[in-house]
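S.K.: I have a structure I would like to understand better, so I am pasting it below and will then ask my questions one at a time.
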Amino acid sequence: MNIAKAFDNVRAKTPLVHNITNYVTVHDVANIILACGGSPIMSDEPEDVEDITTICNALNINIGTLNKRSIEAMFVAGEKAAALGHALLLDPVGAGASRLRTTTALELMGAVKFTSIRGNISEISTLAHGTGTTRGVDADAADAVTDANLAAKASFAKEFAARTGSVIAITGAIDLVADQSRCCAIRNGTRRMGTITGTGCQLSGMSAAFLAANMDDPFTAQVAAICAMGLAGELAEKALQPGEGNATFGNRIIDAISLMDGAALEKGARYELL
Amino acid sequence: MNIAKAFDNVRAKTPLVHNITNYVTVHDVANIILACGGSPIMSDEPEDVEDITTICNALNINIGTLNKRSIEAMFVAGEKAAALGHALLLDPVGAGASRLRTTTALELMGAVKFTSIRGNISEISTLAHGTGTTRGVDADAADAVTDANLAAKASFAKEFAARTGSVIAITGAIDLVADQSRCCAIRNGTRRMGTITGTGCQLSGMSAAFLAANMDDPFTAQVAAICAMGLAGELAEKALQPGEGNATFGNRIIDAISLMDGAALEKGARYELL
Amino acid sequence: MNIAKAFDNVRAKTPLVHNITNYVTVHDVANIILACGGSPIMSDEPEDVEDITTICNALNINIGTLNKRSIEAMFVAGEKAAALGHALLLDPVGAGASRLRTTTALELMGAVKFTSIRGNISEISTLAHGTGTTRGVDADAADAVTDANLAAKASFAKEFAARTGSVIAITGAIDLVADQSRCCAIRNGTRRMGTITGTGCQLSGMSAAFLAANMDDPFTAQVAAICAMGLAGELAEKALQPGEGNATFGNRIIDAISLMDGAALEKGARYELL
């Protein structure tokens, strides 16, 4: 599992990522895709998305501020991208928090096979069980992946990966990435990342770029992207000066990704196959 | 009137704020709600908003880039949030600048009772008189609250608060907060805050969090939020280094909120009951 | 050609710019319009845009995340703004990348005469030839304006300007601004500006403000805006400290514009009439 190479492939290949994503964090999503070496394009009009996704290498679907038009666009784009063999990522923001979000995510999973599905534990549990509760866009603390329940959560992730054929990425204090046969735990990142909006959305956008640049090994690509995001959070926190707070921290995450390469990622990554 | 406690309550209770807001400043709105201790969620699809607002504690309606879909969502969410006894805030961005904005704001006020209505003097005057002129999203200078007209403006604000049953917050060089019996003038803030987009929208989002965490005293909650925003602007301005300008200033405002607590707010706040 | 005066006119006149623009970079567009001395307002609901554009001095149409509603709003606002003699700018983001984008841009050009059309070489070529290929939102490298093809590209730009009656602004490593009789090449800017999202969109928003403040000389206004953006990029790059990357660079561009005036622009601008 060569995560350094996975990152360097993004910079070498400049994958073009079509994003149908929420308008809250979209600017950061675009910038982090650029910062890691990809190229973003946003389009959510059903009549526009087929053409746009055709010229791309990956599709990042994030249901954060979904509406009827964008939902239609997600299906149109998803089916086209799947037919073309592109990397597909689903970020089920708020699945479990509303019926529309839960239903949309499940129906998207029924319509196309995602290369990777990335969410917090509450969102992923909702998708796995068809129902659930999510506190807004944050995970329910009672669900959290901990050292005490790591084996059980890893089994759950592998089982869900086997059932969907997707890489499953569950992010939180400890991140898990699973395919049907393996599960990797990642311990990069800091609690402060939860105090700003969009680190999850940014990770999803960046993951789509990593997946597109590493189509032969989506598991490693997904691990690499999560390590990179977590490491960027650590570097951003370390760089904070007295008087600096959340907004500067957020900017420094994108700064850190823009300055990172595969070797630096490998050096700072903390992951273990379970 | 304990504004320190009002702020500390936000950090203690982590209110969840549903925002139907414009896509220009939404990222900063989300981040400042997080920075003050709340948790934001955005949703503007009529089929989604009932579920989302139900799990929240406050609803922030900002008509900044309204469209027919989001207007419908404002009414659906507003009526649900009102029925559930949530804190409701209206930010009538651009009321007076277009008929659609004026009408939408007035009809929302007819449909639900807002806990607080926050706007600039031109927007609030428009709502009070049913008509008005607003220079885009900025107040008309001729309307400004000054020391010379402070008593008259305070009477106007109290009268409008009595008529609506809402706290009325008029922000500008001097801010006024009124309920039917009291009016408070706030002198925090700097002119530079008008040179970046979104300080008003951020204040509205943060106010919704303060209102939700202080349901027993919305007047004090609204005063506290305005003092906090103004103080953050002052701190951000003082921290500016040579060569730094508007974008850095904007980031430092969110930084300052993320580092503030009730005690610091109380120390820096400049307000007086009229 | 007095670009210093063109900039100072923006600060003196504070033009109000109506933007129908994409939700990816809209926050930066609003902030750079403020930073250069203008005042932005965003509205893309067909029922809202006539009133809003009426109180403005310029209309900036950017098709970056167009949808059917916003397309309708572009035509309604465009026709109203044209009837009122406002400055009109078209940013054909992604023309050539999808049929909807190409068609929308061409139909807008058929419906109203734009004061200026600003895009990358692939987008402008698409509009000139009615068809084309664009790599997402980036120009095709094979099309780039270089010293070797400068005369030919200048002729193309002048011919297209003559045909449309618009100032034509083609931005890239070398920028070209043409009207029917003149073409100016601009060599400000740095490659790093292509590694963050939105420098093009920001330039378009700022250009609309410059055009509105210099209605008697749109050619000079457009040259001045491009020089200002490029110079801001150079200053932002020079100010970067070790450990700072893309997000800080982006903030520093807006910082630099907010600190710039006509004299500083004239001093740092590098342009030549061809």
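The values are calculated or read from the model by the stated rules, or taken from the named source; none is laboratory data. Because the structure is predicted, anything quoted here is derived from the model rather than measured. Glycine also receives a Cβ, built like all others from the backbone with ideal geometry; neighbour counts cover every protein chain displayed.
S.K.: Which ones in segment A:55-69 are facing chain C (nearest Cβ under 9 Å) and over 19 Å from the mean Cα position of the chain (by Cα)?
M.R.: Correct list: A:I55, A:R69.
S.K.: How many of the residues in segment B:198-222 are crowded, with 24+ Cβ neighbours inside 10 Å and more than 14 Å from the chain's Cα centre (by Cα)?
M.R.: 2
S.K.: Residue check: is B:I124 surrounded by 24 or more Cβ atoms within 10 Å (Cβ to Cβ), among the β-branched types (V, I, T), within 30 Å of B:A77 (Cα to Cα) and touching a Phe, Trp or Tyr at 6+ places or on another chain (Cβ under 6 Å)?
M.R.: Against the criterion (surrounded by 24 or more Cβ atoms within 10 Å (Cβ to Cβ), among the β-branched types (V, I, T), within 30 Å of B:A77 (Cα to Cα) and touching a Phe, Trp or Tyr at 6+ places or on another chain (Cβ under 6 Å)), B:I124 does not qualify.
S.K.: Mind checking which residues of segment C:77-89 are within 19 Å of C:R101 (Cβ to Cβ) and either surrounded by fewer than 24 Cβ atoms within 10 Å (Cβ to Cβ) or in contact with an Asp or Glu (Cβ under 9 Å, 6 or more places away or on another chain) (or both)?
M.R.: C:A77
So that you can scan it fast, the table gives a plain yes or no per residue for (1) surrounded by fewer than 22 Cβ atoms within 10 Å (Cβ to Cβ); (2) closer than 24 Å to B:I52 by Cα; (3) basic (K, R):
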residue: A:G130; (1), (2), (3): yes, yes, no
residue: A:A139; (1), (2), (3): no, yes, no
residue: A:A152; (1), (2), (3): yes, no, no
residue: A:T195; (1), (2), (3): yes, yes, no
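S.K.: Let me ask you something else. What tally of residues in segment C:50-65 results from selecting those that are part of a loop (DSSP other than H, G, I, E, B), aliphatic (A, V, I, L, M) and under 20 Å from B:I63 (Cα atoms)?
M.R.: Total meeting the criteria: 1.
S.K.: State the number of residues belonging to segment C:184-204 that are polar (S, T, N, Q) and either facing chain A (nearest Cβ under 10 Å) or free of Cβ contacts under 8 Å to residues at least 12 places away in the same chain (or both).
M.R.: Result for segment C:184-204: 2.
S.K.: Does segment A:3-20 contain any residue that is at the interface with chain C (Cβ under 9 Å from one of its Cβ atoms), free of Cβ contacts under 8 Å to residues at least 40 places away in the same chain and in contact with a helix residue (DSSP H, G or I) (Cβ under 9 Å, 6 or more places away or on another chain)?
M.R.: No; the residues of segment A:3-20 include none that is at the interface with chain C (Cβ under 9 Å from one of its Cβ atoms), free of Cβ contacts under 8 Å to residues at least 40 places away in the same chain and in contact with a helix residue (DSSP H, G or I) (Cβ under 9 Å, 6 or more places away or on another chain).
S.K.: Please go through segment C:21-30 and pick out each residue that is within 7 Å of chain B (Cβ to nearest Cβ), among the hydrophobic types (A, V, I, L, M, F, W, C) and more than 10 Å from B:T197 (Cα to Cα).
M.R.: Passing the criteria: only C:V26.
S.K.: Something else about it: Of all residues being in contact (Cβ under 8 Å) with a residue 12 or more places away in the chain and charged (D, E, K, R) in segment A:31-47, which is farthest from C:F249 (Cα to Cα)? Just the residue, please.
M.R.: Only one residue fits best here, namely A:E45.
S.K.: For segment A:106-120, name all the residues that are buried (at least 24 other Cβ atoms within 10 Å of the Cβ) and in contact with a helix residue (DSSP H, G or I) (Cβ under 6 Å, 6 or more places away or on another chain).
M.R.: If the condition is that a residue be buried (at least 24 other Cβ atoms within 10 Å of the Cβ) and in contact with a helix residue (DSSP H, G or I) (Cβ under 6 Å, 6 or more places away or on another chain), then A:T115, A:S116, A:R118 are the ones that fit.
S.K.: Sticking with this structure for a sec: Looking only at segment B:36-49, how many residues end up being surrounded by 24 or more Cβ atoms within 10 Å (Cβ to Cβ), not charged (D, E, K, R) and not in a loop (DSSP other than H, G, I, E, B)?
M.R.: Total satisfying the criteria: 5.
S.K.: Could you list, in sequence order, the residues of segment A:227-250 that are over 15 Å from A:C36 (Cβ atoms) and within 19 Å of the chain's Cα centre (by Cα)?
M.R.: Matches in segment A:227-250: A:E234, A:G250.
S.K.: Something else now. Taking segment C:1-15 as the region of interest, how many residues are surrounded by fewer than 24 Cβ atoms within 10 Å (Cβ to Cβ) and outside any helix (DSSP H, G or I)?
M.R.: Selection size over segment C:1-15: 3.
S.K.: Can I ask one more? Conditions: (1) buried (at least 24 other Cβ atoms within 10 Å of the Cβ); (2) within 14 Å of another protein chain (Cβ to nearest Cβ); (3) over 25 Å from B:A256 (Cα atoms); (4) not aromatic (F, W, Y). A:S166 meets all but one. Number of the miss?
M.R.: In the conditions (1) buried (at least 24 other Cβ atoms within 10 Å of the Cβ); (2) within 14 Å of another protein chain (Cβ to nearest Cβ); (3) over 25 Å from B:A256 (Cα atoms); (4) not aromatic (F, W, Y), A:S166 misses (2) alone.
S.K.: Let me ask another. If the requirement is being of a type outside the set (S, T, Y) and part of a loop (DSSP other than H, G, I, E, B), which of these qualifies: A:M215, A:M206?
M.R.: Answer to the check: A:M215.
S.K.: Would a scan of segment C:223-238 turn up a residue that is touching a Ser or Thr at 6+ places or on another chain (Cβ under 6 Å) and either hydroxyl-bearing (S, T, Y) or crowded, with 24+ Cβ neighbours inside 10 Å (or both)?
M.R.: Among the residues of segment C:223-238, at least one is touching a Ser or Thr at 6+ places or on another chain (Cβ under 6 Å) and either hydroxyl-bearing (S, T, Y) or crowded, with 24+ Cβ neighbours inside 10 Å (or both), which makes the answer yes.
S.K.: If I go through segment A:249-265 residue by residue, how many of them are more than 9 Å from chain C (Cβ to nearest Cβ) and assigned to a helix (DSSP H, G or I)?
M.R.: Residues in segment A:249-265 being more than 9 Å from chain C (Cβ to nearest Cβ) and assigned to a helix (DSSP H, G or I): 5 in total.
S.K.: Got a sec? Which of B:I33, B:I52 is crowded, with 24+ Cβ neighbours inside 10 Å, more than 8 Å from chain A (Cβ to nearest Cβ) and among the β-branched types (V, I, T)?
M.R.: None of the other options fit; the residue is B:I33.
S.K.: Also, I was wondering about something else. Hey, can you tell me all the residues within segment A:1-59 that are among the basic types (K, R) and either under 28 Å from A:R101 (Cα atoms) or modelled with pLDDT under 95 (or both)?
M.R.: Scanning segment A:1-59 gives no hits.
S.K.: Anything in segment C:213-248 that is more than 16 Å from C:V29 (Cα to Cα), away from every other protein chain (no Cβ under 13 Å) and of a type in the set (A, V, I, L, M)? List them, or say none.
M.R.: C:A213, C:M215, C:A221, C:V223, C:A224, C:L231
S.K.: Determine if segment A:74-90 includes at least one residue that is basic (K, R), within 13 Å of chain B (Cβ to nearest Cβ) and in contact (Cβ under 8 Å) with a residue 12 or more places away in the chain.
M.R.: Scanning segment A:74-90, I find no residue that is basic (K, R), within 13 Å of chain B (Cβ to nearest Cβ) and in contact (Cβ under 8 Å) with a residue 12 or more places away in the chain, so the answer is no.
S.K.: Could you identify the single residue in B:A213, B:A224 that is over 18 Å from B:G189 (Cβ atoms) and in contact (Cβ under 8 Å) with a residue 60 or more places away in the chain?
M.R.: Residue meeting the stated conditions: B:A213.
S.K.: Shifting gears a bit: Which of (1) under 26 Å from C:E234 (Cα atoms); (2) at pLDDT below 95 does C:S116 not meet, given it meets every other one?
M.R.: (2)
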